[in-house]
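Q: The structure's right below; bear with me while I get my questions together.
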Amino acid sequence: MVNYEVFALRTVSLPYINYCYIVLDKSSRSALLIDPSWELDAILGKLNDLNADVKGIMLTHSHYDHVNLTLVLTEIFECDVFMSNVEIEDYGFHCRNLISVSDQEVISIGRTKVTCLWTPGHTSGSMCFLLEDCVFTGDTLFIEGCGGCHYPGGSAEAMFESIQKIKALAAPDLRVYPGHSYGAEPGQTIRRLYDQNIYFQLDSRKHFVDFRMRPNQKSVFNFR
């Protein structure tokens, strides 16, 4: 039985709709925030309801819709902020209490351990955060598809390798918590992605890249 709980918060500042997450260590009531965005009062209210002691903020990448509450939350809680060393270097991200982390580095709060996975593709320094029974994927992997690769530092080739890396590490019952939803609720299993996510089904790098970067897409978030 895992020693933590995950709480998903849907936060909105149109046109953006994000999911940020609270990981609460049951034994210590210590908490990590994943990609806190947009609705400060909602996040603070949930933390208060949980009687949570925020120890850290973990950022999957540096795009504004994933980091915009970081500054104010570090002022409130004086907590550490964790981001990929590659993301920090390549995009010049900075904030108070920033700590760079590397691929496979483990962060602990209470009895809860989080493994940092470098998963470039959406940005050059994107990271996913792997726990015992779930993974937080930011804009690398959605339930329905994968993140756009046309942003500065993005790469469809790197995204293919990152998804293969997740597939190699992920048990079928591992739950996936992405930064956005395009129809399915966060927390679906890897098994469902094998059934319904075309980017999980493509084992050829060339086919993956050609499909992700195909011309005349109505939207990079139209995954069919």
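Q: What residue, of Glu87, Glu78, is open to solvent by 70 Å² or more (accessible area, probe 1.4 Å) and free of Cβ contacts under 8 Å to residues at least 60 places away in the same chain?
A: Sole residue among the options that is open to solvent by 70 Å² or more (accessible area, probe 1.4 Å) and free of Cβ contacts under 8 Å to residues at least 60 places away in the same chain: Glu78.
Q: Quick check: anything in region 101-112 surrounded by 22 or more Cβ atoms within 10 Å (Cβ to Cβ) and farther than 30 Å from Ser27 by Cβ?
A: Within region 101-112, none of the residues are surrounded by 22 or more Cβ atoms within 10 Å (Cβ to Cβ) and farther than 30 Å from Ser27 by Cβ.
Q: Quick check, is Asp35 surrounded by 20 or more Cβ atoms within 10 Å (Cβ to Cβ) and on the phi > 0 side of the Ramachandran plot?
A: Yes; evaluated as a whole, the condition is true for this residue.
Q: Val2 fails exactly one of the following numbered conditions: (1) under 17 Å from the mean Cα position of the chain (by Cα); (2) within 16 Å of Val114 (Cβ to Cβ); (3) aliphatic (A, V, I, L, M). What is the number of that condition?
A: If we test Val2 against (1) under 17 Å from the mean Cα position of the chain (by Cα); (2) within 16 Å of Val114 (Cβ to Cβ); (3) aliphatic (A, V, I, L, M), just (1) comes out false.
Q: Next question. Give just the number: which of (1) open to solvent by 30 Å² or more (accessible area, probe 1.4 Å); (2) among the aromatic types (Phe, Trp, Tyr); (3) at pLDDT 95 or above; (4) closer than 24 Å to Gly148 by Cβ does Phe7 not satisfy?
A: Here Phe7 meets the rest and fails (4).
Q: Right, another one. I'd like the full set of residues that are of a type in the set (Gly, Ala, Ser) and open to solvent by less than 10 Å² (accessible area, probe 1.4 Å), limited to region 136-183.
A: Scanning region 136-183 gives Gly138, Gly145, Gly147, Gly148, Ala156, Ser162, Gly179.
Q: Being open to solvent by less than 10 Å² (accessible area, probe 1.4 Å) and over 21 Å from Phe211 (Cβ atoms) is the requirement here; does Phe129 meet it?
A: So Phe129 passes the test.
The values are calculated or read from the model by the stated rules, or taken from the named source; none is laboratory data. No experiment lies behind these values; they were computed from the predicted model shown. Reconstructed Cβ throughout: ideal geometry from the backbone, glycine too, with neighbour counts over all protein chains shown. To get the accessible areas, we keep the full protein, side chains included, count just its heavy atoms, and leave off ligands, DNA and RNA. Shrake-Rupley method; radii C 1.70, N 1.55, O 1.52, S 1.80 Å.
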